[in-house]
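Down below is the structure, laid out as structure tokens.
The values are calculated or read from the model by the stated rules, or taken from the named source; none is laboratory data. All figures in this text were calculated on a predicted structure; none of them were measured in a lab. Cβ sites come from the backbone with ideal geometry, for glycine too, and all protein chains shown count toward neighbours.
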Amino acid sequence: MAGAGGEGISLKDQGNENFKAGNYLKAAALYTHAIKLEPSNQILYSNRSAAFLHLVKLTKALADAETTITLSPQWEKGYFRKACVLEAMQRYDEALASFHEAQKYNPQSVEISKKIKRLSQLDKEKKRSQEVENIKSNVDMRNFFGPLKPEILDKFGNAEGCEDVFSFIVETMESAIKTYHETAKLDPRVHFLLDKQRTQTDKYAPVVNVDKAFESPDTHSDCFSFLRQYAEESFSGAACLVTPKKIISYPQVWKGQGSRKWKQGHSDGFFVQFESPAMRKLWFVPSSNEKGQTLCRDPEVLDISVHELLPRLFKGSTSAR
């Protein structure tokens, strides 16, 4: 038995030398031979777990760490090995719990403390990244604009017309947000709610590009005149202008307004202006950049009488709201 133990220690030392030299495959093989001779030696499993981790054999590394803990439940090294493997698996919550368990048995360890601090930050960043992804992939403007529905019903007078207009606003906003999330930019366009019965769809499209509209007073005036005529001749019931803030040279509806009227600061983003004979609305969708990802915030209602990008497109006597 002593001979077997002596041979096991020798194999362990050889394994350690190979591990230090970066020969992790050879080290793992030597630890395996040693384990056959000393199957209850927790140090051998711990060392082999470290070698497997370097070889990115994570399932095997985790199994050896678990065996280390089973053989020596009060030795911090088993929990430390397990935590390192879980960290490599990006299972940060579990890794943190295991590092804390290791710290319980060795509270003076600077290495464990550093790992906990670093992993806490990684875990925080991962959770925020997941939150951003969830926000980006679950755009639900129908729920957000729900409170607007009674006003639309009041203005348009019937349930069918209300639903058409409500869906038009929701779908235009959702499409714009999803595009902005993916590309961080938008082409300035006006979307029209065409009349299903009367519009000549071979002549009038539901979307009109207005990429030059906000370059100068002249282009702005020409574009507005064209859009007003287009809305009338296409028998559109409503329209939505969608345009990024960054391209607007005229009218600059935020500059010079001061914080009393413009409360969105310097945020990038885009505008959505809704036009109809009965109702007008204007929203600004601010955006931010989080770790290289563009994230749209909730639309913010603007006073259209102060910040309108286009004058009234449809003839109507209703005051701006």
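Residues in region 291-321 that are among the β-branched types (Val, Ile, Thr) and either at pLDDT 95 or above or under 23 Å from LEU153 (Cβ atoms) (or both): how many? Show your work before the answer.
So the first thing to find is which residues in region 291-321 are among the β-branched types (Val, Ile, Thr), and the list is 294, 301, 304, 306, 318.
Imposing the further condition that a residue be either at pLDDT 95 or above or under 23 Å from LEU153 (Cβ atoms) (or both) reduces the set to 301, 304, 318.
Number satisfying all stated conditions: 3.
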List pairs: first residue in region 16-33 and free of Cβ contacts under 8 Å to residues at least 24 places away in the same chain and surrounded by 20 or more Cβ atoms within 10 Å (Cβ to Cβ), second residue part of a helix (DSSP H, G or I) and not hydroxyl-bearing (Ser, Thr, Tyr) anywhere in the structure, Cβ distance under 6 angstrom, at least six positions apart or on different chains.
LEU30/LEU11; LEU30/GLN14; LEU30/GLY15; TYR31/GLY15; TYR31/LEU44; TYR31/ASN47; TYR31/ARG48
When residues of region 155-173 are limited to those that are modelled with pLDDT of 90 or more and surrounded by fewer than 16 Cβ atoms within 10 Å (Cβ to Cβ), the one nearest to TRP283 (Cα to Cα)
GLU171
Just one of the numbered conditions (1) under 27 Å from TYR204 (Cβ atoms); (2) of a type in the set (S, T, N, Q); (3) under 32 Å from the mean Cα position of the chain (by Cα) is not true of GLN252; which one?
(1)
Return yes when SER113 is crowded, with 19+ Cβ neighbours inside 10 Å, in a helix (DSSP H, G or I), among the small types (Gly, Ala, Ser) and outside the structural domain of GLN293 (by TED's automatic domain parsing) and no when it is not.
no
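Report yes if LYS104 is at pLDDT below 95 and part of a helix (DSSP H, G or I), otherwise no. So that I can check it myself, show each step before the final result.
On the way: at pLDDT below 95: no; part of a helix (DSSP H, G or I): yes.
No; evaluated as a whole, the condition is false for this residue.
Here's the yes/no breakdown for (1) in the same structural domain as LYS124 (by TED's automatic domain parsing); (2) surrounded by 21 or more Cβ atoms within 10 Å (Cβ to Cβ); (3) more than 29 Å from ASP123 (Cα to Cα):
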{"position": "GLN14", "(1), (2), (3)": "yes, no, yes"}
{"position": "GLN42", "(1), (2), (3)": "yes, no, yes"}
{"position": "SER46", "(1), (2), (3)": "yes, yes, no"}
{"position": "ALA61", "(1), (2), (3)": "yes, yes, no"}
{"position": "ALA65", "(1), (2), (3)": "yes, yes, no"}
{"position": "THR70", "(1), (2), (3)": "yes, no, no"}
{"position": "GLN74", "(1), (2), (3)": "yes, no, no"}
{"position": "GLU87", "(1), (2), (3)": "yes, yes, no"}
{"position": "ASP93", "(1), (2), (3)": "yes, no, no"}
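I need the full set of residues from region 45-78 which are polar (S, T, N, Q) and assigned to a helix (DSSP H, G or I), in order please. Spell out the reasoning first.
Within region 45-78, the subset polar (S, T, N, Q) is 46-47, 49, 59, 67-68, 70, 72, 74.
Result: SER46, ASN47, SER49, THR59, THR67, THR68, THR70.
For every residue, the table says whether it meets (1) of a type in the set (D, E, K, R); (2) crowded, with 22+ Cβ neighbours inside 10 Å; (3) out of contact with any strand residue (DSSP E or B) (no Cβ under 9 Å at 6 or more places or on another chain).
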{"position": "LYS281", "(1), (2), (3)": "yes, no, no"}
{"position": "VAL285", "(1), (2), (3)": "no, yes, no"}
{"position": "ASN289", "(1), (2), (3)": "no, no, no"}
{"position": "GLN293", "(1), (2), (3)": "no, no, yes"}
{"position": "VAL301", "(1), (2), (3)": "no, no, no"}
{"position": "ARG312", "(1), (2), (3)": "yes, no, no"}
Conditions (1) under 29 Å from ARG297 (Cα atoms); (2) out of contact with any Lys or Arg (no Cβ under 7 Å at 6 or more places or on another chain); (3) without any contact (Cβ under 8 Å) to a residue 40 or more places away in the chain: number failed by LYS115:
(1)
Could you check region 231-290 and list, in sequence order, the residues that are among the aliphatic types (A, V, I, L, M) and under 30 Å from ASN158 (Cβ atoms)?
ALA231, ALA238, ALA239, LEU241, VAL242, VAL272, ALA278, MET279, LEU282, VAL285
Could you please give the count of residues in region 189-223 that are buried (at least 19 other Cβ atoms within 10 Å of the Cβ) and assigned to a helix (DSSP H, G or I)?
2
Can ARG228 be described as part of a loop (DSSP other than H, G, I, E, B) and basic (Lys, Arg)?
no
